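Some notes on the structure that comes next.
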Amino acid sequence: MRALLRSVLAAALVALPAAALPSEFVLVAHPSVSATALSRAEASRMFQRLESHWPDGGAVRPVDQAKTSPLRVAFSRDVLGKSMGAVEQYWSQAIFSGRAVPPVEKRSDADVVAYVRETPGAIGYVSSSASAEGVKRLALRD
């Protein structure tokens, strides 16, 4: 019975259209950022506050989606290589040790875009279908 249930669930996931899956996101940055692309490793270091400056010297100001956002779950998995539980543990340890504080959190794509547009050095991620007016889209390399 369990094997049948797993098969049915797997088939249902495969049948979902790509747009229904939360893994389609794009990086967005403040228009003044000179970068046009980042590797996953570079983006990961920025969002974990291990890299604090852009190559041109400006301060990096990452912004995350809300913890409950499926987009954040996908970003954490695909870019940070961590589950949300592991991300929360990482930040608990960083805060306790005084190393760093987590990025600002925003509730929606529109809120992330507004923050990035208004904050020099900001970087965030939004769904690929979101309006990115006033911000710069960055390519994400492997």
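Among the residues of the range 92-131, those identified as farther than 15 Å from SER69 by Cα, buried (at least 18 other Cβ atoms within 10 Å of the Cβ) and of a type in the set (A, V, I, L, M, F, W, C) are VAL113, VAL116, ALA122, ILE123. Scoring GLU105 on the criteria (1) within 21 Å of GLN48 (Cβ to Cβ); (2) among the charged types (D, E, K, R); (3) touching a helix residue (DSSP H, G or I) at 6+ places or on another chain (Cβ under 8 Å) leaves a single failure, condition (3).
Residues in the range 104-125 that are acidic (Asp, Glu) and in a strand (DSSP E or B): GLU105 only.
Out of all the residues in the range 49-60, is one or more in a loop (DSSP other than H, G, I, E, B) and among the aliphatic types (A, V, I, L, M)? Yes, some residue in the range 49-60 is in a loop (DSSP other than H, G, I, E, B) and among the aliphatic types (A, V, I, L, M). Condition first: in contact with a Phe, Trp or Tyr (Cβ under 8 Å, 6 or more places away or on another chain), of a type outside the set (A, V, I, L, M) and either modelled with pLDDT of 95 or more or part of a loop (DSSP other than H, G, I, E, B) (or both). Can you find one or more residues in the range 17-31 that meet it? Looking through the range 17-31, at least one residue is in contact with a Phe, Trp or Tyr (Cβ under 8 Å, 6 or more places away or on another chain), of a type outside the set (A, V, I, L, M) and either modelled with pLDDT of 95 or more or part of a loop (DSSP other than H, G, I, E, B) (or both). For the condition assigned to a helix (DSSP H, G or I), surrounded by fewer than 20 Cβ atoms within 10 Å (Cβ to Cβ) and of a type in the set (A, V, I, L, M, F, W, C), VAL79 does not qualify. Within the range 57-76, the set of residues being surrounded by 12 or more Cβ atoms within 10 Å (Cβ to Cβ) and within 21 Å of SER32 (Cα to Cα) comprises GLY58, VAL60, ARG61, PRO62, VAL63, ASP64.
Residue pairs whose Cβ atoms lie under 9 Å apart, separated by 6 or more positions or on different chains, with the first residue in the range 58-73 and of a type in the set (Asp, Glu) and the second modelled with pLDDT of 95 or more and in a loop (DSSP other than H, G, I, E, B), are ASP64/PRO102; ASP64/PRO103.
The values are calculated or read from the model by the stated rules, or taken from the named source; none is laboratory data. It should be emphasised that the depicted structure is a prediction, and the values quoted were computed from it without experimental measurement. With ideal geometry, Cβ positions are generated from the backbone for all residues, glycine too; neighbour counts draw on all protein chains shown.
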